[in-house]
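No lab work stands behind these numbers, since they all come straight from the coordinates. Note that this is a predicted model, so its numbers are computed, not measured. Cβ atoms come from the backbone with ideal geometry, glycine included; neighbour counts cover every protein chain shown.
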Amino acid sequence: MIERDDDLWPQINAVANQAVRSCALGILTTDALAQQILLEWKARRKGDEPPSHGLLRRIALRICSRALCEAWRSPQHEVRNAAYENLRRYLERSLRSTGYAYRLQQDTHAVEDVLHQALEELYLSITRNPQAGPVDPASFLKWAQTIVIRQAHAYVQKRDRDSCLSIENQQELYNEIPSDEQHHDPQQQIERQELRQTLKDAILSLRNRNYQQVLLYTYFADMDESEMASHLHVPVQEIYMWRYRALRALRKKPEIMQLLQIWRE
């Protein structure tokens with residue numbers, strides 16, 4: 001039997017303290033969580049091997065997840081408030097460790113907006129159904145993470161869509177400003193407009209919005225990779241990758257590739 005003065009107890013206590021600070025402040029105490037971790041580990045252990053730090057942490061988070069889910073579903077105002085405070089902290093850390101972190105941090109209020117949308121979804125969910133959430137409360141944290149990631153995806157997609165529409169609108173304005181060469185040669189102007197529209201239709205036929213944007217900026221706005229990366233809030237490497245993949249997709253239409261070459265000449 002493992003007692004508090006054994007070597008394992010400090011390790012369990014440290015894991016419990018970290019887990020409480022992460023997602024169960026005001027809901028569980030470190031001592032109570034440590035006792036539950038110990039009991040749950042004893043119930044599942046096989047042999048005399050001590051538990052790994054990773055196993056203790058997984059047990060701790062599952063216990064915290066159950067307690068947090070119960071607090072989130074609680075009809076008591078103070079208990080539910082404590083749940084939301086913990087959710088906000090936990091989901092913000094989770095969000096900043098996802099692949100969306102870089103793309104969100106370029107916008108001053110992006111992280112706050114995504115968190116607000118996720119917490120609002122959680123609030124509306126429990127308001128409509130007092131037993132909302134996952135069937136297994138131990139998976140509540142992962143369930144909540146899925147919501148914030150979905151909101152981050154929606155935010156980035158909308159921003160990219162708006163940006164794409166913006167460049168298209170700008171191009172409509174550019175179309176109305178003829179160059180000196182076009183002004184002196186109406187026939188060439190007509191041919192140039194037809195070529196522009198053909199290329200634009202081909203680019204917008206690509207399913208990926210990122211591919212569309214990169215090619216529109218490259219061929220119609222004459223932006224370089226650094227300018228595009230700054231405007232789209234992504235690393236320059238992403239721009240190179242998107243353009244490569246976009247052009248690879250268009251290579252299935254040799255006539256379009258030939259027109260792109262003519263356009264740049």
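Of note:
- Sorting His233, His153 by the number of Cβ atoms found within 10 Å of their own Cβ, with the fewest placed first, yields His153, His233.
- Using distinct alpha-carbon pairs, which all enter the 1/r mean, Kirkwood radius of region 8-156 in Å: 16.2
- 37 °C / 0.692 mPa s Stokes-Einstein diffusion coefficient of region 74-123, Kirkwood radius on C-alpha pairs, µm²/s: 281
- Only Lys, Arg, Asp and Glu carry charge here, each on its Cβ (+1 for the first two, -1 for the last two); on that basis region 8-156 has a dipole of about 420 debye about its Cα centre.
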